[in-house]
Amino acid sequence: MSTELLEVRVERRANEAEDICSYELVSVDGAQLPAFTAGAHIDVHVAPGIVRQYSLCNPPHERHRYVIGVLRDPSSRGGSRAMHDQIQAGAKLTISAPRNHFPLVDAPRSLLLAGGIGVTPLLAMAETLSAQGAPFEMHYCTRSPERTAFRDRILNAPYAAQVRFHHDSARPLDLPALLAGLERGTHIYFCGPAGFISYVKASAAALGWPENQLHLEYFGADAAGAPVEGDQPFDVKLASNGACYTVPVGRTVLQVLSDAGVFVPASCEQGVCGTCLTRVLDGVPDHRDLYLTEEEQAANDQFTPCCSRSRSATLLLDL
Ligand code: FES
């Protein structure tokens with residue numbers, strides 16, 4: 001994983017829809033930015049101690065800028081609120097180089113399904129597929145036209161005819177009908193809040209869609225990690241030196257280890273990015289992340305200490 005950090009300037013900030021702004025980032029010294037592929041995201045160091053992931057939504061061939069879209073999340077733990085309230089044109093930001101956990105694969109046909117601000121990585125995918133002349137269609141679901149970011153950009157894009165807009169208020173997406181009419185070789189890419197992801201997953205599963213043709217990324221606002229009723233304290237033990245630490249209710253393994261001087265790389269701290277993934281040698285994790293697949297969680301041999309807890313009294317970690 002690249003840990004390269006870059007200094008960028010906000011060249012332009014624009015209102016894209018109700019509570020959604022885009023930020024165009026350029027390097028402070030005018031140099032080209034590292035190349036990226038559709039589906040990539042960057043970490044944005046929004047404020048001291050606040051790092052958030054945002055997908056790049058501009059055409060991936062561009063090297064002079066990165067464009068991100070940020071929804072002001074009413075349940076924000078500080079990230080999106082700080083972006084909206086404090087980051088104006090001209091502001092300088094530290095970001096990571098792009099990383100891609102959500103890449104396009106070679107496929108005879110692609111379906112892009114966007115839920116709300118989850119449209120951002122799919123915009124970059126639409127740009128790439130369109131430039132390649134690859135067959136695809138995109139469906140973009142939002143609550144209303146006023147909350148539909150990048151609408152004008154899409155309507156003026158070369159692929160505009162391949163995009164359908166759906167609003168909860170009118171013409172919501174009939175996903176089972178859409179999937180039933182698709183070629184079975186189609187790869188489906190979907191990104192949005194947890195409810196949207198569950199809906200797409202369940203609809204695809206009901207039709208027996210092969211799992212390896214489903215590619216998803218959660219939008220972090222619904223990410224995991226909040227305390228849950230019934231949480232209990234538990235211990236984590238480090239395999240390297242036998243040190244044992246108690247994780248109380250209301251604190252994460254990551255926080256406890258960090259306080260003890262045990263470094264575990266982390267980024268989103270919401271169970272979304274997978275940066276903190278740690279091997280579990282013994283014990284049964286209580287998975288609270290949105291990163292691992294159900295099969296990976298069921299294997300119980302790794303977990304995300306930023307949000308997941310333990311079902312057993314002790315977890316032995318490969319640290
Ligand atoms: S830091 Fe992102 S999943 Fe744990």
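Assuming 0.890 mPa s and 25 °C, estimate D for the range 110-218 with Stokes-Einstein, Rh taken as the Kirkwood radius over Cα pairs, in µm²/s.
Estimated diffusion coefficient is 176 µm²/s.
Could you give the angle, 0 to 90 degrees to the nearest 10, between helix 119-132's Cα long axis and the longest principal axis of the Cα atoms of the chain?
50
If I model a spin label at residue 156 and residue 311 as a point 7 Å from the Cα along the Cα→Cβ vector, what separation in nanometres do I get?
Each label point is offset 7 Å from its Cα along the Cβ direction, giving 5.3 nm.
Relative to the longest principal Cα axis of the chain, at what angle does helix 194-206 sit, 0 to 90 degrees, rounded to 10?
80
So the label point goes 7 Å from the Cα of residue 146 along Cα→C-beta, right? Which residues of the range 56-89 then have their backbone N under 17 Å from it?
72-74
Top to bottom by accessible area (1.4 Å), largest first, where do 92, 237 land?
Putting 92, 237 in descending order of accessible area: 92, 237.
Who wins for biggest fluctuation among 242, 230, 79 in a Gaussian network model of the chain, springs between alpha carbons below 10 Å?
Evaluated over the chain, the most mobile residue of the options is 230.
So for the chain, Kirkwood radius off the Cα pairs, Stokes-Einstein at 37 °C and 0.692 mPa s: how many µm² s⁻¹?
158
Say we join alpha carbon atoms closer than 10 Å with springs in a Gaussian network model of the chain; which of 48, 265, 98 then has the biggest fluctuation?
48
At most 15 other Cβ atoms within 10 Å plus a DSSP loop assignment makes a site exposed; report the longest stretch of the chain without any exposed GluC sites (Glu not before Pro).
Looking at the chain, 19-182 is the longest stretch - no exposed GluC sites (Glu not before Pro) with at most 15 other Cβ atoms within 10 Å.
Return, for the Cα atoms of the range 5-96, the radius of gyration and Dmax in Å, separated by a comma.
Using the Cα atoms of the range 5-96, the pair Rg, Dmax is 12.3, 36 Å.
Given a cut-off of under 8 Å on Cα pairs at least six residues apart, what relative contact order in percent is computed for the range 110-218?
Worked out over the range 110-218, it gives 33 percent.
Could you do me a favour and compute the accessible area per residue for the range 5-96, 1.4 Å probe, result in Å²?
Roughly 43 Å² per residue, with all protein chains present.
Taking 0.36 nm per residue of sequence separation and subtracting the Cα-Cα distance, how much length would be gained by fully extending the chain between residue 258 and residue 174, in nm to one decimal?
Length gained between residue 258 and residue 174: 25.6 nm.
Mind checking the log10 I(q)/I(0) for the range 234-317 at q = 0.11, 0.13, 0.17, 0.25 Å⁻¹? Debye, one equal scatterer per Cα, no solvent, two decimals.
For the range 234-317 at q = 0.11, 0.13, 0.17, 0.25 Å⁻¹, log10 I(q)/I(0) is -0.24, -0.33, -0.59, -1.35.
Using a 1.4 Å probe on the protein chains only, how many percent of the accessible area of the range 244-317 belongs to carbon and sulfur?
It is 47 percent, rounded to a whole number.
Only Cα pairs within less than 10 Å get springs; with that Gaussian network setup on the chain, which residue of 280, 67, 262 has the largest fluctuation?
262
Leaving ligands, DNA and RNA out of it, report the carbon-plus-sulfur percent of the accessible area of the range 19-110 at a 1.4 Å probe.
Within the range 19-110, the accessible surface is 50 percent carbon and sulfur.
The values are calculated or read from the model by the stated rules, or taken from the named source; none is laboratory data. Bear in mind that the values here come from a model prediction, so they are computed numbers and not experimental data. So basically every Cβ, Gly included, is an ideal-geometry build from the backbone, and we count neighbours across all protein chains shown. Please note that ligands, DNA and RNA were not included when accessible areas were found on the heavy atoms of the full protein model with its side chains. Shrake-Rupley method; radii C 1.70, N 1.55, O 1.52, S 1.80 Å.
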